[in-house]
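In what follows, a structure is listed as structure tokens, so that the remarks can point back to it.
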Amino acid sequence: MNSYKCINRIYRYNNLLEDVDFHLNEGERVAIVGPNGCGKSTLMKIVLGEEDPTEGKRVVNNSVQIEMLAQQPRFDASLSVRDAILNELSELREAQEEHARLSQEVARDFENSELLAKMERITAFLDHHNAWNLDDKIERVLQEFKLKEYEHRLVVS
């Protein structure tokens, strides 16, 4: 669990964030909603550790992974919508490739405890992110965001 207590952030003599208290548990998904200029992006920068609060305490559990979608994402103009989504899943794709490579190594050296430990970590990562089938993940994104009819079009067209 990550905790944020009495978070204050002052910009140019203005209280942008005042006495913000909350916690994030592993597996939770949150959306921060509010009018422009109310401090949503600043709060997320504090949560991600990119900025420090003017006052308050940030207690972070490093095993809890926090990610944020960019407000203005940048996509390679030469990619289709489907490929752009796959490109954003590069960390998961790389983990799959590493798992395949480690599987071959473990098959040759099945008593190597270091290899087995690496295999266990990468398997846990893939399990945690439900990343065994990226095509299914891409299909869900296309369906949920109503992009299926655009999947083969360029992202900027």
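Please identify the pairs in which a residue from the range 110-121 that is more than 19 Å from Glu97 (Cβ to Cβ) has its Cβ atom under 9 Å from the Cβ atom of a residue that is among the hydrophobic types (A, V, I, L, M, F, W, C), counting only partners at least 6 apart or on another chain.
Pairs found: Phe110/Leu116; Asn112/Val106.
Taking the stated definitions as given, is Arg121 modelled with pLDDT under 95, assigned to a helix (DSSP H, G or I) and of a type in the set (Lys, Arg)?
On the way: modelled with pLDDT under 95: yes; assigned to a helix (DSSP H, G or I): yes; of a type in the set (Lys, Arg): yes.
Yes; evaluated as a whole, the condition is true for this residue.
Against the definition (modelled with pLDDT of 90 or more, surrounded by 13 or more Cβ atoms within 10 Å (Cβ to Cβ) and over 27 Å from Ile138 (Cα atoms)), how does Glu98 come out, yes or no? I'd like the intermediate steps shown before the answer.
Values: modelled with pLDDT of 90 or more: yes; surrounded by 13 or more Cβ atoms within 10 Å (Cβ to Cβ): yes; over 27 Å from Ile138 (Cα atoms): no.
No.
Could you run through the range 11-55 and say how many residues are hydrophobic (A, V, I, L, M, F, W, C), in contact with a helix residue (DSSP H, G or I) (Cβ under 8 Å, 6 or more places away or on another chain) and assigned to a loop (DSSP other than H, G, I, E, B)?
So in the range 11-55, the residues hydrophobic (A, V, I, L, M, F, W, C) come out as 16-17, 20, 22, 24, 30-33, 38, 43-44, 46-48.
Those left that are additionally in contact with a helix residue (DSSP H, G or I) (Cβ under 8 Å, 6 or more places away or on another chain): 16-17, 20, 24, 32-33.
When the remaining residues are screened for being assigned to a loop (DSSP other than H, G, I, E, B), the result is 32-33.
Total meeting the criteria: 2.
One line per residue, one yes/no per condition, for (1) surrounded by fewer than 13 Cβ atoms within 10 Å (Cβ to Cβ); (2) assigned by TED's automatic domain parsing to the domain that holds Leu89; (3) among the acidic types (Asp, Glu); (4) touching a Ser or Thr at 6+ places or on another chain (Cβ under 6 Å):
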| residue | (1), (2), (3), (4) |
| --- | --- |
| Ile10 | no, no, no, yes |
| Asn25 | yes, no, no, no |
| Lys40 | no, no, no, no |
| Leu43 | no, no, no, no |
| Glu55 | no, no, yes, no |
| Glu67 | yes, no, yes, no |
| Pro73 | yes, no, no, no |
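Please state which of the following conditions Ile66 fails to meet, knowing it meets all the rest: (1) touching a helix residue (DSSP H, G or I) at 6+ places or on another chain (Cβ under 9 Å); (2) under 30 Å from Arg153 (Cβ atoms).
In the conditions (1) touching a helix residue (DSSP H, G or I) at 6+ places or on another chain (Cβ under 9 Å); (2) under 30 Å from Arg153 (Cβ atoms), Ile66 misses (2) alone.
Taking the condition without any contact (Cβ under 8 Å) to a residue 12 or more places away in the chain and either touching a His at 6+ places or on another chain (Cβ under 9 Å) or not assigned by TED's automatic domain parsing to the domain that holds Ala131 (or both), does Tyr4 pass? Steps first, answer last, please.
Values: without any contact (Cβ under 8 Å) to a residue 12 or more places away in the chain: no; either touching a His at 6+ places or on another chain (Cβ under 9 Å) or not assigned by TED's automatic domain parsing to the domain that holds Ala131 (or both): yes.
Against the criterion (without any contact (Cβ under 8 Å) to a residue 12 or more places away in the chain and either touching a His at 6+ places or on another chain (Cβ under 9 Å) or not assigned by TED's automatic domain parsing to the domain that holds Ala131 (or both)), Tyr4 does not qualify.
The values are calculated or read from the model by the stated rules, or taken from the named source; none is laboratory data. Everything quoted here is computed from the prediction, not taken from an experiment. For neighbour counting, all protein chains shown are included, and Cβ atoms are generated from backbone atoms with ideal geometry for every residue, glycine included.
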